[in-house]
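Each value in this text was obtained by applying a stated rule to the coordinates, not by laboratory testing. The model shown is predicted, which means the values in this text are computed figures rather than measured ones. Quick reminder, even Gly has a Cβ in these numbers, built from the backbone with ideal geometry, and neighbours come from all protein chains shown.
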Amino acid sequence: MAQTPSIAEEKTSSAVSSSKSITLRIARFNPQKDSDTSFMEFKVPVEKWTTVLEAILDVKKHFDHSVAVRYSCRQATCGSCGMVINGKPRLACFTKISELNSDTVTVEPMHNFPIIRDLAVRFDRLFNSHHKVKPYLIRDDTDVSSDTKEILQSPEELEQFIQFSNCIKCGLCNSACPTMATDSSFVGPQALAQAYRYVADSRDKGKDNRLKIIDESHGIWRCHFAGSCSQVCPKGVDPAMGIQLLRGYMLGFRS
Ligand code: SF4
Ligand code: FES
């Protein structure tokens, strides 16, 4: 009976241009039975275009299917595959191994999220905080006679918030945030950025309500403006700027 090829053998035989391999170190932790995180190492052949997610899936396919990792779209859209890669929160499907410039790639679960197992984390805190800031348009008109009723907005009005609409709720900003690490109730940069997104939308009428929600002890004033949230966002959202602009509303500099 033919033996299952090792990952290295299979890549060599099926991908003639494969020229390099790296060591992939994967954090393993099962809170049901482990007291600490351990790392497993795998030699993985890579191409110029191989992503970290593809390398992890190769390991699952050929070496250890029990590695827990969350992913879906593989195109930086669903926000599922966030993890800490060589010390920085990134999307695994959007990070090419070649751009890391390292022969060793270490993957760990996102910081500031409870670990389900290995690289998979719980998103309850992020989604609860997101929900708390009412991430939808609030209107005070009662005319809902037409589902297609237009509420016009100028390009300048759209410009006020459009970048914040690109958030895919991946949680990388919350993972990078030092305040998230020290305050387990902090609402977090993701939710604050979304609060700004709706406060700044000219069609929205929920500003006062939303500002009241984030004006509490674990709310907007807990941000120390480290700015790491904005540095790691894969979609060009700038939560740190959103938080500062929100403070402008709260202090009466913006209306
Ligand atoms: S603001 Fe950026 S980093 Fe934060 S959840 Fe949204 S897309 Fe991810
Ligand atoms: S798998 Fe969807 S963002 Fe990476």
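Measure nothing but the geometry: give the 0 to 90° angle between the long axis through the Cα atoms of 239-250 and the longest principal axis through the Cα atoms of the chain, rounded to 10°.
On a 0 to 90 degree scale, this one is about 10.
I'd like the Karplus ³J(HN,Hα) series for segment 173-183: coefficients 6.51, -1.76, 1.60, θ = phi - 60°, whole numbers in Hz, and an x wherever there's a Gly or Pro.
5, 5, 5, 7, 7, x, 6, 4, 6, 10, 10
Would you please give the FRET efficiency between residue 151 and residue 88, computed as 1/(1 + (r/R0)^6) with r the Cβ-Cβ distance and R0 = 45 Å, to the nearest 0.05?
0.65
Determine ³J(HN,Hα), in whole Hz, for all residues of segment 82-89 in sequence, where each value follows from phi through the Karplus function 6.51 cos²θ - 1.76 cosθ + 1.60 and θ = phi - 60°; x replaces Gly and Pro.
Taking θ as phi minus 60°, the curve returns x, 6, 8, 10, 6, x, 10, x Hz for segment 82-89.
Quick one: if you stick a label point 7 Å off each Cα along the C-beta vector at residue 251 and residue 140, how many nm between them?
2.7 nm
Computed over the Cα atoms of the chain, what is the convex hull's projected area averaged over all directions, in nm²?
Average projection, Cα convex hull of the chain: 18.5 nm².
Report relative contact order for the chain in percent, whole number only (criteria: Cα-Cα under 8 Å, sequence separation at least 6).
Once divided by the residue count of the chain, the mean separation gives 17 percent.
Determine, from the Cβ-Cβ distance of residue 30 and residue 184 and an R0 of 22 Å, the FRET efficiency 1/(1 + (r/R0)^6), rounded to the nearest 0.05.
Efficiency, from the Cβ-Cβ distance: 0.50.
Please list, in order, the residues from segment 222-255 whose amide nitrogen is less than 18 Å from a point placed 7 Å along the Cα→Cβ vector of residue 212.
249-252
Of the peptides 167-176, 66-75, 115-124, how do they stack up when ordered by the mean number of other Cβ atoms within 10 Å, highest first?
The peptides rank, most packed first, as 167-176, 115-124, 66-75.
Run the dipole for segment 83-135 about the Cα centre, Lys and Arg Cβ at +1, Asp and Glu Cβ at -1, nothing else charged, and hand back the magnitude in debye, nearest 20.
Dipole about the Cα centre, nearest 20: 360 debye.
List the residues whose amide H sits under 5 Å from the amide H of residue 20, counting only those 5 or more places along or on another chain, with H placed 1.01 Å from N in the peptide plane.
46
Given the DSSP H assignment, sum -39500 (n - 2.57) over each helix run of at least 4 residues in the chain and divide by its residue total; what's the result at 222 nm in deg cm²/dmol, nearest 500?
-8500 deg cm²/dmol
For the pairs 134/205; 48/96; 132/212; 33/88; 20/43; 33/169, flag any whose C-alpha to C-alpha distance is greater than 18 Å.
Over 18 Å apart, Cα to Cα: 33/88; 33/169.
Nothing charged except the Cβ atoms of Lys and Arg (+1) and of Asp and Glu (-1): what's the magnitude of the dipole of the chain about its Cα centre? Round to the nearest 20 debye.
That gives the chain a dipole magnitude of about 300 debye.
If you take the square roots of the eigenvalues of the alpha-carbon gyration tensor of segment 156-255 and sort them as a ≥ b ≥ c, do you get rounded (a/c under 1.5), prolate (a/b over b/c) or oblate?
oblate
Label points 7 Å out from Cα along the Cβ direction at residue 66 and residue 131: separation in nm?
3.3 nm
So if R0 is 51 Å, what FRET efficiency would residue 162 and residue 47 give, r being the distance between their Cβ atoms, rounded to the nearest 0.05?
The value I calculate is 0.90.
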